[in-house]
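One structure is given below, encoded as structure tokens.
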Amino acid sequence: MSAVTCELCPRGCVIPEGGAGDCRIRVNLGGRLRATTYGRPSAVHIDPMEKKPLYHFLPGTPVFSIATAGCNLHCLNCQNWQLSQRGGEEMEQVYRLDPPELIRAAKAEGCRSIAYTYSDPVVFYEYVYDSAELARQEGLANCFVTAAYINQHPLRQLCRLLDAANADLKAFDDGFYRQVNGATLKPVLDALVTMREEGVWLEVTNLVIPTLNDDPAVIRRLARWVRAELGAQTPLHFSRFQPQYRMRNLPPTPVETLDRARREAQDAGLEHVYVGNVLGHAGNSTYCPRDGTLLIGRVGFMITDYALTADGRCPSCNERVPGVWRSADLSGDRR
Amino acid sequence: MTTTAERGPVRQGRRRALGLITGLGALGLAIPWPRRPSQARPVQRLPSLREADYYRPHELAG
Ligand code: SF4
Ligand SMILES: [Zn+2]
């Protein structure tokens, strides 16, 4: 019997012949590990970039978004558990979209980028990698929306093909990761630093869950870490929790909690701190960090104001706001 | 498999949401999201047997 060890994510599953990894979709068949959802997404949508959320990356553009079944985390509050906590064979819908068809479909829909998202794209790594390579050749950008629970070597390889990422930092608390997500904190922190080092445009999301990770001290530590390790210009999104899946016992996050988190992060020196999942909140919009001018107004996923100059500057004080504002800003071979 | 009948309320909810979106659309706010790509169609289950990257034979301890 030949078992294999999967080295893609920090779980390091040892998979006996005929068995599957913890993510359900990587299977040992005859002593070889197979990626069973390669080219077989179960979610295919065209979303606004703002939904990822990526607020400083090609704003207002449609992004062709895909996911397969399976996930290497098991968050009690998962919003997409019908997709993430199942194997491919349990899905009601499976699309046949091998990388060339995926790129073709994205282009036909007028999308300038592809997002690997919804469940966690780490587990359908090979599909992401091949698609991203082809997308790059065809002039499309690659966005990775992830919990960043991945080993260093595969991540570094992939980063060369990624243009943008929104990574969750679920709490600055290893106990929380173990209890709520079935994961650990350290590999996530390392992954975020790697994405930053590799030049991927990075935005970070923290879903604030009442009583579990809303302690101001924990939020402050998180914000200080982002500032120190990723930089003051890294956008940080505080997102509102909604009772879901196995966590229906808690209420939605009060808006005051999100306001407080935003202030904490701003006090920690972060320049772009957002509030998500609260329609019409002032924290949905982008402001000049120097003089407070409204630069991009947002309501939900809609852009209601756009005052940035073509090269991404504040029209009042000329401050350059970090981000990828147009395709021409995609750096070097990322263009 | 969920039957169509079982999915009734979900569909209705969706229709209501669609109505709201159309209503907002009439107010001149364009909400083109989210939409389904016209190219992609669901297929029967077709597990892919692509060989995975990043694995090695497991060595037994001891
Ligand atoms: S990617 Fe899946 S199979 Fe591989 S170690 Fe992680 S959970 Fe296990
Ligand atoms: Zn300014």
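Values computed for the structure shown
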| item | result |
| --- | --- |
| Residue identified as in contact (Cβ under 8 Å) with a residue 12 or more places away in the chain and within 20 Å of the chain's Cα centre (by Cα) among A:G283, A:G297, A:G269 | A:G283 |
| Enumeration of residues in the range A:290-319 that are within 11 Å of ligand 2 (Cβ to nearest atom) and within 14 Å of chain B (Cβ to nearest Cβ) | none |
| Those residues of the range A:145-170 which are hydroxyl-bearing (S, T, Y) and under 9 Å from the mean Cα position of the chain (by Cα), in sequence order | A:T146 |
| Unmet requirement for A:H237, which otherwise passes all of (1) surrounded by 14 or more Cβ atoms within 10 Å (Cβ to Cβ); (2) away from ligand 2 (no atom under 16 Å from the Cβ); (3) within 14 Å of chain B (Cβ to nearest Cβ) | (3) |
| Number of the condition not met by A:E7 [criteria: (1) at pLDDT 95 or above; (2) more than 16 Å from ligand 2 (Cβ to nearest atom); (3) crowded, with 19+ Cβ neighbours inside 10 Å] | (3) |
| A:Y287, sole failed condition from (1) loosely packed, with under 14 Cβ neighbours inside 10 Å; (2) more than 14 Å from chain B (Cβ to nearest Cβ); (3) within 16 Å of ligand 2 (Cβ to nearest atom) | (1) |
| Selected residue [within 16 Å of ligand 2 (Cβ to nearest atom) and not charged (D, E, K, R)] from A:H45, A:H74, A:H56 | A:H56 |
| Answer residue from the range A:295-319, given it is in contact with a Phe, Trp or Tyr (Cβ under 8 Å, 6 or more places away or on another chain) and crowded, with 16+ Cβ neighbours inside 10 Å and is farthest from A:E271 (Cα to Cα) among those | A:F301 |
| Single condition A:W325 does not satisfy, out of (1) farther than 30 Å from A:R160 by Cα; (2) modelled with pLDDT of 95 or more | (1) |
| Which numbered condition A:A265 misses (of (1) over 22 Å from A:N181 (Cβ atoms); (2) buried (at least 20 other Cβ atoms within 10 Å of the Cβ)) | (1) |
| Some residue of the range A:133-142 being on the phi > 0 side of the Ramachandran plot and more than 14 Å from every other protein chain (Cβ to nearest Cβ) | yes |
| Residue within the range A:193-209 that is closer than 21 Å to A:C23 by Cβ and assigned to a helix (DSSP H, G or I) present | yes |
| Qualifying residue in the range A:38-50 (condition: crowded, with 23+ Cβ neighbours inside 10 Å, within 12 Å of ligand 1 (Cβ to nearest atom) and within 21 Å of A:Q82 (Cα to Cα)) | no |
| Those residues of the range A:111-127 which are at the interface with chain B (Cβ under 10 Å from one of its Cβ atoms) and farther than 18 Å from A:L158 by Cβ, in sequence order | A:C111 |
| Some residue of the range A:323-335 being touching a residue at least 12 places away in the same chain (Cβ under 8 Å), out of contact with any His (no Cβ under 7 Å at 6 or more places or on another chain) and within 16 Å of ligand 2 (Cβ to nearest atom) | yes |
| Sole exception among (1) more than 7 Å from chain B (Cβ to nearest Cβ); (2) over 20 Å from the mean Cα position of the chain (by Cα) for A:Q93, by number | (1) |
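The values are calculated or read from the model by the stated rules, or taken from the named source; none is laboratory data. Because the structure is a prediction, the values reported are computed rather than measured. A quick note on method: Cβ atoms are made from the backbone with ideal geometry, for glycine too, and the neighbour counts reach across all protein chains shown.
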